[in-house]
Amino acid sequence: MENNNLIQLKDVTRVYQMGDTEVRALKGISYIIKRGDLLAIMGPSGSGKSTLMNIIGCLDKPSDGKYFLEGQEISTFNKNELARMRNKKIGFVFQNFNLLSRTTALENTELPLLYSDVPSKKSREMALKALEMVGLKGRELHKTNQISGGEMQRVAIARALVNDPSLILADEPTGNLDTKTGQEIMEIFTTLNKEKGITIILVTHDPEVAEITERRVYLRDGEIEREEES
Ligand SMILES: Nc1ncnc2c1ncn2[C@@H]1O[C@H](COP(=O)(O)OP(=O)(O)O)[C@@H](O)[C@H]1O
Ligand SMILES: [Mg+2]
């Protein structure tokens, strides 16, 4: 495998068992994502986008096929190994922000470091730096119930950034934001990609959001239907 392949999926399938029926959510996905890519995953509801993101994010494993992240075969990992991989390598951003309520931006951002062995003074510094990167300098002590949706998503991005991940995964990150705020959030992602070289994969329904990315992969019925580059 080439060194700049961050992710390699080889004939990945995911079958959900629902009582007596099997739902084949992914039907053999083979794909390579390189370090520094900015990629959008698109496709209709039910096409397998979130299932694929869960596998890439080490939250779930393929039913069959292989998944390599930084050359390590994740598909053989147990739960603890998956959790360790997530903590070290991956930052997550969700449509609903998933922040702790009535808790400061700073505390939310520091959260992933609680599970690491970073000393508290250092983790505070790292969180302050991440908040500055997303344009929240001066708002560190604002609580999540005192800030706007766009600011909440910035905090979520800071939290995703704080442990210096190789990869940020965002599932519909602009889905709950108005157009202008969504564009601002997309600018943060493109800046992080360009200036810090962080690989970013995002799921979106919105063609305007996807426009900003370099590559777009369209899923349909659990398969890659096509790919676009710009
Ligand atoms: N936990 C689950 N159990 C059973 N079926 C599921 C589960 N998660 C997703 N599915 C099914 O798998 C298919 C793909 O779902 P999903 O990955 O959520 O698609 P998308 O994110 O593109 O809307 C759908 O048919 C969905 O109903
Ligand atoms: Mg989904």
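Bear in mind that the values in this text are calculations on the coordinates, not laboratory data. Predicted model, so just to flag it, every value in this text is computed and none were measured. For neighbour counting, all protein chains shown are included, and Cβ atoms are generated from backbone atoms with ideal geometry for every residue, glycine included.
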Among the listed pairs LYS88/LYS180; LYS34/LYS137; LYS34/LYS121; LYS27/LYS89, which have their C-alpha atoms separated by more than 29 angstrom in this model?
LYS88/LYS180; LYS34/LYS137; LYS34/LYS121
At R0 = 30 Å the Cβ-Cβ FRET efficiency linking ASP64 and THR179, nearest 0.05, sits at 0.15
Taking the chain as a Gaussian network, where each spring joins two C-alpha atoms under 10 Å apart, which residue of GLN153, GLN183, GLN17 fluctuates the most?
GLN17
Gain in span if fully extended, LYS137 to LYS121, counting 0.36 nm per residue against the direct Cα distance
4.0 nm
Return the single residue from ALA83, ALA40, ALA158 with maximal mean-square fluctuation; model: Gaussian network over the chain, springs between Cα atoms under 10 Å.
ALA83
Out of ALA130, GLN153, LEU26 - ranked by how far each Cα lies towards the positive end of the dipole of the chain, with unit charges on the beta-carbon of charged residues - the top one is ALA130
Peptides ranked, highest mean first, by Cβ atoms within 10 Å: ranges 205-216, 55-66
55-66, 205-216
The range 25-109: relative contact order as a whole-number percent, Cα under 8 Å and 6+ apart
19 percent
If the elastic network links every pair of Cα atoms under 10 Å, which of ASN163, ASN87, ASN145 fluctuates the most in the Gaussian network model of the chain?
ASN145
In degrees rounded to 10, the 0-90 angle between helix 120-133 Cα long axis and the longest Cα principal axis of the chain is 80 degrees
Taking Cα pairs closer than 8 Å and at least 6 residues apart, the relative contact order of the chain in percent is 27 percent
